[in-house]
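Working notes, beginning with the structure itself.
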Amino acid sequence: MRELTPERVYFAARRLEHYMKLREETQHSLEAKCGVAQSTVSKILKGTVTPTVETLTKLFDVLGVPFEEICEPDVMPNPDFSPKLGVQVSCGKRRDFHNRV
């Protein structure tokens, strides 16, 4: 990973928020699983702290996210798609992917 610029920290925070929702993890559950304080997770999500590469790696390892996806804007996940639910929302319309072949 390159230098942690403000843009990369922003993308990391958005990804963290996305994968926490997807994996149904809370700030407290991440603290218990990887040892990063809940208050630190909160500050990362709010953008009030610049996390270290080590901190981001711990958090995303727990969430099962590859290191390469942490801070790169060109691999941002689609926030409207949840493989767990199989539903994508686009322009206010719901699309169900369960019955597609």
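The values are calculated or read from the model by the stated rules, or taken from the named source; none is laboratory data. Source: prediction; values computed, not measured. Backbone-built Cβ (ideal geometry, glycine too); neighbour counts: all protein chains shown.
Within the range 7-23, track down each residue that is more than 14 Å from residue 51 (Cα to Cα) and of a type in the set (Lys, Arg). 21, 23, listed by residue number.
Checking every residue in the range 40-48 against the condition of being at pLDDT below 85, within 16 Å of the chain's Cα centre (by Cα) and surrounded by fewer than 16 Cβ atoms within 10 Å (Cβ to Cβ) gives zero matches. Scanning the range 22-50 for residues that are under 14 Å from residue 62 (Cβ atoms) and touching a residue at least 12 places away in the same chain (Cβ under 8 Å) gives 22, 23, 25, 27, 30, 33, 34, 35, 36, 40, 41, 44.
Quick check: is even one residue across the range 10-20 in a helix (DSSP H, G or I), basic (Lys, Arg) and either over 15 Å from the mean Cα position of the chain (by Cα) or exposed (fewer than 14 other Cβ atoms within 10 Å of the Cβ) (or both)? Taking every residue of the range 10-20 in turn, none turns out to be in a helix (DSSP H, G or I), basic (Lys, Arg) and either over 15 Å from the mean Cα position of the chain (by Cα) or exposed (fewer than 14 other Cβ atoms within 10 Å of the Cβ) (or both).
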